[in-house]
Amino acid sequence: MSIKIYGYNRCSTCRKACKFLEEKGVKFENIAIREQVPTLEELELMLKSYDGQIKKLFNTSGVTYRELKLKDVLPSLSEQEALKLLQSDGNLIKRPFLIGNSIATVGFKEELWTTLSF
């Protein structure tokens, strides 16, 4: 699996993450998360990297998350229901969503990303 970064081009954090990868000379595929959401397999891999903490995969500060009142709804959903919900709308997924080559992380924290093996 090659390295993929799912992001949103109007998101400054996503742009910083891409710039970071470019400066490190990391080859990656930049995917617009609103047009192409991560596959169920990729979501499951990401969930595994967060020890099953499904909330970590959600963009909890996003408008869609608040509109759907997911703060209250999420705890009652099964893992599969939550994954299907994530797959239904790229706006619900925390970004940037970086996956590939034994790397799976969401969000961009430069101090964490410098420790990743690209």
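List of remarks:
- Spacing of the two label points (7 Å from each Cα toward its C-beta) at LEU68 and PHE118, in nm: 3.1
- Top of GLY100, GLY25, GLY52 by mean-square fluctuation, Gaussian network on the chain, Cα under 10 Å: GLY25
- Quotient of C-alpha Rg and 2.2 N^0.38 Å, computed over the chain: 1.02
- Modelled label reach - SER76, point 7 Å along Cα→Cβ, the range 40-56 residues with backbone N closer than 18 Å: 55
- Computed per residue of the chain from DSSP H runs no shorter than four, each worth -39500 (n - 2.57), the mean residue ellipticity at 222 nm is -10000 deg cm²/dmol.
- Pairs from LYS19/LYS109; LYS56/LYS84; LYS4/LYS55; LYS48/LYS84; LYS69/LYS94 whose Cα-Cα separation, in the structure shown, is over 19 Å: LYS4/LYS55
- Taking label points 7 Å from Cα along the Cα-to-Cβ direction, LYS55 and ASN101 give a separation of 3.3 nm.
Rule-based calculations on the coordinates, nothing more; no lab input. Just so it is clear, the model here is predicted, and its values are computed rather than measured. Here Cβ is always computed from backbone atoms with ideal geometry, including for glycine, and neighbour counts include all displayed protein chains.
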